[in-house]
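A short worksheet on the structure shown next.
The values are calculated or read from the model by the stated rules, or taken from the named source; none is laboratory data. Every value quoted in this text rests on a predicted model; they were computed, and no experiment measured them. Reconstructed Cβ throughout: ideal geometry from the backbone, glycine too, with neighbour counts over all protein chains shown.
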Amino acid sequence: MLRLICSSDRDSVVLLIGAESLEVVQSKYVRAGDTVELTGVAPGTYWVRVTQGRMWDDGLGRFRSSPSYFRFPHTYTFDEKDVGDSIEYVRLSLTLNEVHDGNVQVVRIPQEGF
């Protein structure tokens, strides 16, 4: 499970991309100020790319106002472990905006890289 925290004043679209296939396996729209969960993430390693802005345009597949694009600098691995009578899943949380004294520096990318 991937928890997505958007404390920004702009909405976000998050792409989960297979590290080997480089194909989008899941995407999620996160409204400004919301926290959502991306569930059903299959075991594997993924890149995370994000676009933020205002006025999402489905036809264009991008924000029409104040768009920005970035990726997290490393991959994230989701795994599951059999622990007797149940299965334990990896749970990660990502904050989709800059955090003072945060532990991740995002990498800005061009729109074409999204």
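Any chance segment 97-105 includes a residue that's among the aliphatic types (A, V, I, L, M) and at positive phi?
No, there is no match, as no residue in segment 97-105 is among the aliphatic types (A, V, I, L, M) and at positive phi.
Identify, please: which residue in segment 1-17 is within 17 Å of THR95 (Cβ to Cβ) and β-branched (Val, Ile, Thr) and is, among those, surrounded by the most Cβ atoms within 10 Å (Cβ to Cβ)?
The extreme case among them is VAL14.
Can you pull out every residue in segment 18-48 that is surrounded by 18 or more Cβ atoms within 10 Å (Cβ to Cβ) and closer than 30 Å to ASP82 by Cα?
LEU38, VAL41, TYR46, VAL48
Would you please name the residue that is surrounded by the most Cβ atoms within 10 Å (Cβ to Cβ), looking only at residues in segment 81-114 that are more than 19 Å from the chain's Cα centre (by Cα) and at pLDDT 85 or above?
The extreme case among them is SER86.
Conditions tested, residue by residue: (1) touching a strand residue (DSSP E or B) at 6+ places or on another chain (Cβ under 9 Å); (2) of a type outside the set (Asp, Glu); (3) free of Cβ contacts under 8 Å to residues at least 60 places away in the same chain.
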site	(1), (2), (3)
SER7	yes, yes, no
VAL13	yes, yes, yes
VAL24	yes, yes, yes
GLY40	yes, yes, yes
ASP57	yes, no, yes
